[in-house]
Amino acid sequence: MSASIALPEVSPAALGLRRFVSDRTSLCCTAIVLLAALTALFAPVIAPHDPSDADLLRRLQPPVWQADGTWDYPLGCDGLGRDILSRLIFGARVSLGVGFGVVLVSSVIGTVLGTVAGFARGVIDTVLSRIADVLLGFPYLVFAIGLMGMMGPGLGNIVVTLVLKEWVVAFRVARGETLGAREQDYVEAARAVGCPAWRIMGGEILPNILSPVLVVATIRMAHVIIMESSLSFLGLGVQPPSVSWGGMVADGREFLADGWWIATLPGLAILIVVLAINLASQGAREAFDPRLHR
Amino acid sequence: MIRLLQRVLHLIPVLLGTILVVFAMTAATPGDPVQIMLGDQRATPEQIAALRHDMGLDLPLAERFVSFAWRALHGEFGRSFFHRRPVLDVIADRLPATIELTLAATVLALGIGIPLGLLAGVRRGHVTDRAASITALVGVSLPGFWLGLLLMLLFSVTLHWFPVSGRTGYGDEPAAVTHLLLIDSLLAGRPAAFFEALRHLALPAITLALPMAAVLMRVTRAAVVDVLRADYVLFAEAKGLSRRRVLLVHVMKNALAPAVSVAALEIGALLGGNMIVETIFAWPGVGRLVVESIFARNYPVVQAAVLLYALVFVLLNGLADVLYGVLNPRISA
């Protein structure tokens with residue numbers, strides 16, 4: 001064997017990142033999601049008006065591109081004369097906050113439980129997998145609407161409800177990946193040198209299963225955002241004065257004939273963010289999944 | 001056969017677990033459910049105690065669950081105080097509307113999603129494929145409630161093609177045989193009533209169907225792309241079979257299996273989605289009943305309906321598993 005061939009040292013992660021960045025669609029969509037996140041973070045600074053400031057004189061004020069529109073309220077006002085743009089900006093906090101928070105918490109819970117179940121097998125695995133089966137057996141919205149209906153509306157209850165249903169996704173991915181990883185030589189080697197189980201799981205297995213878990217987590221964020229907005233639309237989500245996009249669409253229902261923009265614009269915001277997340281995560285999967293680059 | 005039996009046996013713990021989850025949901029109700037249900041109504045302590053006993057609230061938790069599960073398995077969910085009738089009767093009244101809507105949406109979704117998926121898969125990379133894929137991506141990213149309002153805004157409010165709400169026109173209701181208006185009106189020989197029911201059904205069914213069609217299209221497309229790469233397709237083509245025959249016999253048959261199992265899962269999404277769609281279009285079905293009952297704090301109805309939805313979904317999944325085995329015999333080997 002000659003040792004003269006020097007391979008450039010590029011990690012798979014760096015390769016994936018390079019592929020991801022070279023895809024214009026993924027890059028563009030990531031930018032949209034980041035922009036929405038920044039808007040949510042700096043909402044009080046960016047919003048031109050107080051989102052709860054009602055004034056019946058501005059009731060059903062149309063957007064700027066229509067006759068009677070003004071630049072003071074570029075996207076118009078709702079049935080109570082509140083500024084739609086400011087409400088959209090503040091609504092991003094709930095939609096993205098719940099989306100990010102729920103996915104973060106449930107990914108951590110699901111990954112820890114999934115790794116333990118896949119590594120330990122036996123009773124722990126059977127019990128956790130059965131619980132997961134039952135939760136998967138529930139249609140998502142039926143579960144969420146049922147539980148929210150019983151617990152009552154509110155931000156905290158939404159997060160609890162969605163986490164209770166959502167951790168199963170990360171659990172299944174982490175468990176499946178761990179089942180594959182525990183048969184690998186590096187785990188065998190770690191076991192042979194007497195590594196304790198928690199160190200094998202945390203130090204050897206976890207880093208190796210993290211990338212599929214992360215990719216799935218980004219896709220799920222889009223789903224969670226739709227679920228939150230659906231609950232808020234039904235009046236089961238966050239309560240006023242908090243603003244959510246789903247709740248804004250509900251507010252616009254009774255004004256479909258006189259103020260189409262009230263229900264339409266917040267729905268468009270949901271669509272854009274969810275679509276951007278979906279496309280970006282699709283790009284991430286294609287860039288980082290080594291199985292797609294044979 | 002053994003596989004079938006295994007699947008059925010596997011369903012039992014899932015069904016029991018489902019009942020347990022619905023039971024636990026009730027326990028999540030803050031405060032005293034009896035007080036909440038009674039609201040501002042005055043009730044004597046005896047009446048409250050009777051209600052408590054009626055709902056089994058005077059028993060220890062474990063006993064409450066056993067009695068709840070036992071009664072649920074026998075279809076006993078107590079009475080709806082709001083309607084002053086047994087809960088199951090209230091749900092049964094609303095069931096035909098939901099069944100009609102769900103069936104119509106499923107048929108629409110299958111009719112749109114699978115042919116489009118086949119087409120996109122066969123013409124992989126062509127303009128058709130790309131257009132279909134983009135449409136599907138938008139379809140899965142659309143919030144259902146917003147899609148419903150957009151359709152309503154365009155076709156009902158602006159164009160006046162379809163009614164805004166309800167199941168049929170006033171006085172157009174045909175004599176009830178199956179309780180499905182489309183079928184009943186045909187049985188009664190009243191085409192005008194049929195078209196009226198169809199006009200009412202159109203928008204809710206489309207709203208419910210489009211997201212499901214998008215998912216089905218993506219799955220079918222992916223399956224077709226996979227199958228077209230398989231050796232047996234190459235062999236069939238090498239034998240000189242016509243393209244049409246290859247597609248119809250070999251590709252379609254093998255690509256349908258994943259579509260069927262996904263379709264069953266998606267019906268779960270439909271069941272949840274119909275709570276929203278029925279609310280938007282004031283469709284008098286079980287989904288709207290659940291949402292109304294939540295706001296009326298009519299917990300026995302919510303509980304029973306949620307359990308019903310979940311059980312139907314579990315059974316559908318079991319059925320899909322069996323069907324998948326029939327369509328794709330390799331996995332049962």
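Structure values in brief
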read-out	value
Shielding by partners, peptide A:225-235 (average Cβ within 10 angstrom, other chains)	4
Acute angle (nearest 10 degrees) that the helix B:45-54 long axis makes with the longest principal axis of chain B, alpha-carbon atoms	30
Chain A: DSSP helices with Cα axial extent of at least 18 Å and average Kyte-Doolittle hydropathy no lower than -1.0	A:24-41, A:84-120, A:122-136, A:155-181, A:206-233, A:260-288
Per-pair calculated FRET efficiency, R0 = 51 Å: A:Glu286 and B:Phe195 via Cβ, rounded to 0.05	0.60
Nearest 10 degrees, 0 to 90: helix B:286-295 Cα axis against chain B principal axis	40
Computed E for B:Ser67/B:Glu46 - FRET, C-beta separation, R0 22 angstrom, nearest 0.05	0.50
Per-selection Kirkwood Rh - the range A:3-103 (Cα, Å, 1 d.p.)	16.7
Average Cα contact separation per residue, chain A, under 8 Å, 6 or more apart, as relative contact order %	25
Neighbourhood net charge (12 Å Cβ-Cβ; Lys/Arg +1, Asp/Glu -1) for A:Glu166	+2
Candidates A:Ile277, A:Ile158, A:Ile32, ranked by Gaussian network fluctuation over chain A, Cα under 10 Å, top entry	A:Ile32
Gaussian network model of chain A, Cα within-10 Å springs - most flexible of A:Ser11, A:Ser229, A:Ser95	A:Ser11
Under 14 Å, Cβ to Cβ, from A:Val98 - net charge with Lys/Arg +1 and Asp/Glu -1	+1
Given chain A, longest segment not containing exposed loop GluC sites (Glu not before Pro) (DSSP; at most 13 other Cβ within 10 Å)	A:10-182
Which of B:Tyr324, A:Tyr186 has the fewest Cβ neighbours within 10 Å, and the rest in rising order	A:Tyr186, B:Tyr324
B:Val249-B:Trp161 FRET efficiency (beta carbon distance; Förster radius 41 Å; 0.05 resolution)	0.50
Prolate/oblate/rounded label for chain A (Cα gyration tensor, a/c 1.5)	oblate
Alpha-carbon Debye profile of the range B:110-222, log10 I(q)/I(0) at 0.16, 0.22 Å⁻¹	-0.82, -1.04
Chain B: most fluctuating residue of B:Asp89, B:Asp54, B:Asp226 per GNM, C-alpha cutoff 10 Å	B:Asp54
Between 0 and 90°, nearest 10: helix B:87-122 axis offset from chain B longest Cα axis	20
Spacing of the two label points (7 Å from each Cα toward its C-beta) at A:Ala67 and B:Val322, in nm	6.4
Helix-only mean residue ellipticity at 222 nm for chain B, each DSSP H run of n ≥ 4 adding -39500 (n - 2.57), per residue, nearest 500	-24000 deg cm²/dmol
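No lab work stands behind these numbers, since they all come straight from the coordinates. What you see is a predicted model; the values in this text were computed from it and never measured. Cβ sites come from the backbone with ideal geometry, for glycine too, and all protein chains shown count toward neighbours.
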